[in-house]
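Enquirer: Can you keep this structure in mind? I'll have questions shortly.
Bear in mind these aren't lab numbers, they're just calculated from the coordinates by the rules spelled out. Only a predicted model underlies this, so the values are computations on that prediction, with no experimental measurement involved. Neighbour counts are summed over all protein chains in view; Cβ atoms, including those assigned to glycine, are modelled from backbone coordinates with ideal geometry.
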Amino acid sequence: MDTTTTTSLQVSAKQVNPTTSPLVSLHYDALHLIIDLLTFHDKFMLSHTCRKLRSITFCNWQLELKRLPAETRLEFWTQRAYNLPSKWVCASCCKLHPVMPPDSASKFWRNCYSVTCSRDAPAKIIASGYPPIYHHYVQLALKYSRLRINHTILEKLLAPSFDKTKSDCPSSCDGTYLRACKIIDNRFLVKEQWSQGDEQNYASRQTITSNFRRFCPHIATLAGYDNTSPKVQVDVAAAFAMPGYEATGGCHHCLTDYSILVTRNECTTVCLITTWRDFGTETCPDNLIWKSQVTHGGINDGWNAYGIFHREMGSVRKLFMCDWVA
């Protein structure tokens with residue numbers, strides 16, 4: 001096992017509690033029954049509390065960790081990284097990586113991936129704008145916000161972005177892209193906004209329907225590979241039929257709300273698409289809320305993560321509009 005893994009398995013002396021407790025006074029058989037109910041991570045932490053519990057839970061932790069399924073190892077490292085500000089969990093190799101402080105938000109993902117992974121897997125892109133958002137963005141932003149540290153890096157992780165968009169599709173129009181991030185109620189929220197159309201390039205219904213990926217991975221998949229017409233197609237038609245009317249909706253397979261607003265005058269047609277995405281709380285990269293938002297990344301693509309979220313449509317948008325930030 002590499003140095004990073006070995007170091008991360010060590011528990012500092014400050015975490016060891018030498019004092020006795022009612023738990024330690026229990027008979028060995030009773031302790032074994034309790035310990036058998038614990039998760040691997042809890043057993044690991046318990047083994048570092050006192051000599052008696054260390055002797056009961058004694059094992060080769062590095063070897064046992066290797067034997068665990070990938071999902072369990074990922075959960076273990078997520079729990080280990082919970083209070084380690086200098087580490088983030090890599091879903092590609094199921095290990096902890098050191099944080100490389102970025103000098104700008106756009107360079108953050110490059111700095112994080114400057115370490116060597118055991119698997120050359122693509123990072124998990126969860127936003128189509130530039131710079132893209134990766135899971136370690138979400139991990140570290142939520143962690144720093146919870147611990148109230150590294151405010152400079154946190155500001156860069158939550159920094160808004162602006163870009164001009166140009167599609168390779170001949171029918172698409174040039175436009176602009178805006179993104180804003182918030183942490184509200186310990187949840188990582190993203191608002192994305194695309195504006196298309198100007199005096200030279202009129203926005204059209206075909207332009208929007210050819211870019212359903214802007215809404216979420218599930219709507220994009222259904223629109224491209226399913227014979228049924230998702231509600232968003234009806235909303236696009238309604239927005240263009242009634243300029244000034246805001247068509248709204250959401251996805252049942254991820255926590256995404258959207259709105260479509262078309263404005264038109266004698267020489268200009270502009271279509272404004274806005275999405276509000278909820279990437280959830282500080283949790284494992286294997287969590288369904290996170291995976292359902294992935295728009296590129298191999299087997300973990302969001303269209304493979306078909307959970308059903310029973311919620312009120314518009315709830316993510318309403319949460320994003322809250323004034324208070326956690």
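Enquirer: Where a ≥ b ≥ c are the square roots of the eigenvalues of the C-alpha gyration tensor, would you call region 245-296 rounded, which needs a/c under 1.5, or, failing that, prolate if a/b is larger than b/c, or oblate?
Expert: Prolate is the answer for region 245-296, as a/c is 1.5 or above and a/b outweighs b/c.
Enquirer: Return the sequence-ordered ³J(HN,Hα) values of region 280-288 in whole Hz as given by the Karplus equation 6.51 cos²θ - 1.76 cosθ + 1.60 applied to θ = phi - 60°, using x for Gly and Pro.
Expert: Rounded to whole hertz, the list is x, 8, 6, 8, 6, x, 8, 5, 5.
Enquirer: Among K143/K191; K43/K66; K87/K156, which pairs are too far apart, with a Cα-Cα distance over 22 Å?
Expert: none
Enquirer: Can you list the residues, at least 5 places off or on another chain, whose amide H is less than 5 Å from the amide H of T269, using H built in the peptide plane?
Expert: Distant-sequence amide H within range of T269: D198, A203.
Enquirer: Taking θ = phi - 60°, what integer Hz values does the Karplus form 6.51 cos²θ - 1.76 cosθ + 1.60 yield along region 83-97, in sequence order, with x for Gly and Pro?
Expert: Coupling constants for region 83-97: 10, 10, x, 8, 10, 9, 8, 9, 6, 6, 10, 6, 9, 9, 10 Hz.
Enquirer: Efficiency by 1/(1 + (r/R0)^6): what FRET value for L26 and H310, r their Cβ-Cβ distance, R0 = 41 Å, to the nearest 0.05?
Expert: 0.45
Enquirer: Starting from the Cα-Cα distance between I34 and I56, subtract it from 0.36 nm times their residue separation and give me the gain in nm to one decimal.
Expert: Gain on stretching I34 to I56: 6.8 nm.
Enquirer: If you don't mind, there's one more thing I want to ask. Residue-wise, which Karplus ³J(HN,Hα) couplings in Hz belong to region 257-268, taking 6.51 cos²θ - 1.76 cosθ + 1.60, θ = phi - 60°, and x for glycine or proline?
Expert: Rounded to whole hertz, the list is 10, 9, 9, 10, 9, 10, 10, 8, 9, 4, 10, 9.
Enquirer: Under 5 Å between amide hydrogens, which residues at least 5 positions from K87 or on another chain qualify, with H placed 1.01 Å from N in the peptide plane?
Expert: Long-range HN contacts for K87: V99.
Enquirer: Sticking with this structure for a sec: Out of residues 5 or more away from G250 or on other chains, whose amide H comes under 5 Å of its own, with H placed 1.01 Å from N in the peptide plane?
Expert: Result for G250 returns Y258.
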